[in-house]
1. Two decimals is fine: what's Rg over Rh for segment 1-41, C-alpha atoms, Kirkwood radius as Rh?
2. State, in angstrom, two size descriptors of segment 10-72 derived from its alpha carbons: Rg to one decimal place and Dmax to the nearest whole number.
3. Short version: what are the Cα gyration tensor semi-axes of segment 3-157, square root of 5 times each eigenvalue, largest first, in whole Å?
4. What are the aspartates and glutamates whose alpha-carbon lies under 14 Å from the alpha-carbon of Lys80, with same-chain residues fewer than 8 places away excluded?
5. Which entries of Lys36/Lys86; Lys76/Lys108; Lys39/Lys152; Lys60/Lys86 have Cα-Cα distances beyond 30 Å here?
6. What is the extension gain from Ser53 to Lys80, computed as 0.36 nm multiplied by their sequence separation minus the C-alpha to C-alpha distance, in nm to one decimal?
7. What's the exposure ranking of Ser31, Ser119, going from fewest to most Cβ atoms within 10 Å?
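Please treat every number below as a calculation from the coordinates, not as lab data. Predicted model only: the values in this text are computed from it and were never measured. Note that we place each Cβ from the backbone using ideal geometry, even for glycine, and neighbour counts take in every protein chain shown.
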Amino acid sequence: MSLEGMRLIYFSYFRYVLSYEIIFWGNSVHSMYSIKIQKRTIRIITNAGIIYSFRDLFKKLQILHFYTQHIYFLLKFLVKNRDLFKLISVIHGFSKRYDYNFHLPSAKLKLFHKGVFHSGIETYNHLPKSIKELSHDVKQLRLAMKRFIIIKFLLFFGRVF
């Protein structure tokens, strides 16, 4: 089977299974098993041996790493459910430097810090202001976030495809 056909199967089946509720379990200790399975699948698709670097294989197939997918789906969930979160400007009632950031509630439990609510807000607040200013248009915000995550991914893994 051709590489493009194998890539199509990856996106139609494996990525779907991998991304199922990834925002809830992507931050857990057990996600390492999913990462290993993703790497094994990529080795099978490319017929690569142990010597090849995964960075090159991810770039060749234009597939996002598990953690990058986790961040993307987490941000997508946050944007889709913006009404559950409060902006800092709404809470304080006056303009501040971080008007487009979401308010991060305080909690002492580690379990809360690892959860979707807290980690999603922290991830969103680390986005550049130019992306968060698009919050009035959900579609444009999603596209800008996806472009930003892919660019960060490419900078981390080297040159552009």
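1. Result: Rg/Rh = 1.05.
2. 11.6, 33
3. One finds semi-axes of 33, 17, 13 Å for segment 3-157.
4. Straight-distance partners of Lys80: Asp137.
5. Table pairs above 30 Å Cα-Cα are Lys36/Lys86; Lys60/Lys86.
6. Length gained, Ser53 through Lys80: 6.2 nm.
7. Ser31, Ser119
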